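Notes to accompany the following structure.
The values are calculated or read from the model by the stated rules, or taken from the named source; none is laboratory data. Bear in mind the structure is a predicted one, so any value in this text is a computation, not a measurement. Methodologically, a virtual Cβ is constructed for each residue, glycine included, from the backbone with ideal geometry; neighbour enumeration extends over all protein chains shown.
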Amino acid sequence: MRSPYGLDIIENCTRCPYREERLFCNLSKPAVEHLQSIKSTSTYPKGAMLFVEGQESRGAFILCKGKAKLYTSSADGRTIILRIVTPGEVLGLTSTIADKAYEATVEVLEPSQVNFLPKAEFLKFLSQHGDASMHVAKQLSANCAGAYEEIRCLGLSASSAEKLARMLLAWADPELKGANKKEVKITLSLTHEEIAQMIGSSRETVTRLFAEFRRKQFLTIKGSSVWLRDLPALRQLVAHVN
């Protein structure tokens, strides 16, 4: 089924071709059938909010297709993007399980399919399926490890150049798949302002750094495509904090 946003919607979790590839969704048949019975599927356009920081939690969200950003803001309007969310991740887990307000805001970055799991039904689902509870624990552990790495990057990097290089290398890692390559292509789905919000810098600094990286032939850019041409040089920028 195709949505108004051109997405191929997967209505039935039991027939999802990506289920075994994703941490939470790779469940036993009884658990997947139960999940199918309690979830509701929606599609969202770019810029839509799934939930807002401080809002009372009403359940968890599985990002099935698309991409989103998780961010927090201060009272004076400053924003830090905590991470970019990719398909397979469950959002709002901590708040739903702890019965607390959502701790951050989630905004969709591109047309996306999302499955919503109401709080009461989701908690009952977890209590009845041990494999689902274990997968939730694994995702929460991964989120915690990611937060540690983000703090490490922001706290130990001596410059914005190091932070940007580290972020680009992190985005390149899935494309490299362990291969010893000198260059790789990635897709840049964030604006310079959003990148600045990820590395704790300013839009002007990010724009200047991209120009500097191009001048040094670390990378080339065409539209949303970025070719990292000199991975050893980028790694050298962050080597002293590894």
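The rows are residues; the columns are (1) at pLDDT below 90; (2) not aliphatic (A, V, I, L, M).
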position: VAL136; (1), (2): no, no
position: ALA145; (1), (2): yes, no
position: GLU150; (1), (2): yes, yes
position: CYS153; (1), (2): yes, yes
position: ALA165; (1), (2): no, no
position: ALA172; (1), (2): yes, no
position: GLU183; (1), (2): yes, yes
position: THR207; (1), (2): no, yes
Just to be sure I understand the filter: pairs with C-beta atoms under 7 Å, separated by 6 or more residues or on different chains, first member in segment 167-183 and more than 19 Å from GLU149 (Cα to Cα), second member modelled with pLDDT of 75 or more and of a type in the set (Phe, Trp, Tyr). Which pairs pass?
GLU183/TRP227
Checking ILE80 against (1) among the hydrophobic types (A, V, I, L, M, F, W, C); (2) over 20 Å from SER57 (Cβ atoms); (3) without any contact (Cβ under 8 Å) to a residue 12 or more places away in the chain, which single condition isn't satisfied?
(3)
Looking only at segment 1-24, how many residues end up being in a loop (DSSP other than H, G, I, E, B) and within 13 Å of PHE125 (Cβ to Cβ)?
1
Give the residue, chosen from CYS64, CYS25, that is modelled with pLDDT under 90 and surrounded by 20 or more Cβ atoms within 10 Å (Cβ to Cβ).
CYS25
I'd like to check something: does segment 75-88 contain any residue that is touching a Gly at 6+ places or on another chain (Cβ under 8 Å), closer than 17 Å to ALA142 by Cβ and part of a helix (DSSP H, G or I)?
no
Name, by its number, the condition in (1) of a type outside the set (Phe, Trp, Tyr); (2) surrounded by 14 or more Cβ atoms within 10 Å (Cβ to Cβ); (3) over 18 Å from the mean Cα position of the chain (by Cα); (4) closer than 30 Å to LEU231 by Cβ that does not hold for LEU169.
(3)
Those residues of segment 25-56 which are among the polar types (S, T, N, Q) and outside any helix (DSSP H, G or I) amount to ASN26, SER28, SER40, THR41, SER42, THR43, GLN55
Report yes if LEU209 is surrounded by 13 or more Cβ atoms within 10 Å (Cβ to Cβ), over 30 Å from SER74 (Cβ atoms), of a type in the set (A, V, I, L, M) and over 21 Å from the mean Cα position of the chain (by Cα), otherwise no.
no
Give just the number: which of (1) under 19 Å from CYS64 (Cβ atoms); (2) in contact with a Phe, Trp or Tyr (Cβ under 6 Å, 6 or more places away or on another chain) does PRO87 not satisfy?
(2)
In the set ALA60, ALA68, which member is closer than 20 Å to GLU110 by Cα, among the aliphatic types (A, V, I, L, M) and touching a helix residue (DSSP H, G or I) at 6+ places or on another chain (Cβ under 7 Å)?
ALA60
